[in-house]
1. Residues to consider are 29, 13; find the one that is among the hydrophobic types (A, V, I, L, M, F, W, C) and at pLDDT below 95.
2. Would you say residue 7 is more than 28 Å from residue 129 (Cβ to Cβ), assigned to a loop (DSSP other than H, G, I, E, B) and open to solvent by 30 Å² or more (accessible area, probe 1.4 Å)?
3. Give the stretch 75-118 a look and list any residue that's open to solvent by less than 40 Å² (accessible area, probe 1.4 Å) and in contact with a Pro (Cβ under 7 Å, 6 or more places away or on another chain), or say none.
4. Suppose we filter the stretch 95-144 for residues that are without any contact (Cβ under 8 Å) to a residue 40 or more places away in the chain and in contact with a helix residue (DSSP H, G or I) (Cβ under 6 Å, 6 or more places away or on another chain); how many remain?
5. In the stretch 44-61, how many are buried (at least 21 other Cβ atoms within 10 Å of the Cβ) and either among the β-branched types (Val, Ile, Thr) or outside any helix (DSSP H, G or I) (or both)?
Amino acid sequence: MGHPHGPPPATGAWHTLLARAEEAAAHHASPLAEAFAELVRVAHTEPRLRRLHPWTGMWELHFSRCTEHPPTWDIPYIGTSADGRYRVEGPSRSSPRITETGCARVAVAQVVEHLPPGCGPAFEGSAHELAAHERARDGSGERA
């Protein structure tokens, strides 16, 4: 679970995501790509989110408590709209929308506000392995 003297496990994923988001914004020059790149930059400035593993799909920025697939689905995520607005939803697809805003910083702050207690750093492994680790650590069958 992390390297005690090295970078957090999610560091490489963040660097890759930042580079890809910037590249998409530069090459596509679309409001959607630019808004998504801004979101990734802002999310990366938040230390509590940098401890988590970022992943993306459909112009959404997700955060997982583990580094491998499948990810955890217990943290809200941020969707980007073509009009430059951000939707904070989750943690699951069936959860109600938390907020919609035109500001990436507000969206990121809402995710941070809704983080589960004791969240991070990302566990090196899948959601299933994280759940087993937590059961062994806590002596229960809950979470992840």
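The values are calculated or read from the model by the stated rules, or taken from the named source; none is laboratory data. This is a predicted model, so every value here is computed, not measured. When we count neighbours, we look across all protein chains shown, and the Cβ atoms used for this are built from the backbone with ideal geometry, even at glycine. Remember, those area values only see protein heavy atoms, side chains included, never the ligands or the DNA or RNA. Shrake-Rupley method; radii C 1.70, N 1.55, O 1.52, S 1.80 Å.
1. One residue alone meets the criteria, 29.
2. no
3. Of everything in the stretch 75-118, those that are open to solvent by less than 40 Å² (accessible area, probe 1.4 Å) and in contact with a Pro (Cβ under 7 Å, 6 or more places away or on another chain) turn out to be 75, 76, 84, 88, 89, 90, 111.
4. Of the residues in the stretch 95-144, 4 are without any contact (Cβ under 8 Å) to a residue 40 or more places away in the chain and in contact with a helix residue (DSSP H, G or I) (Cβ under 6 Å, 6 or more places away or on another chain).
5. 4
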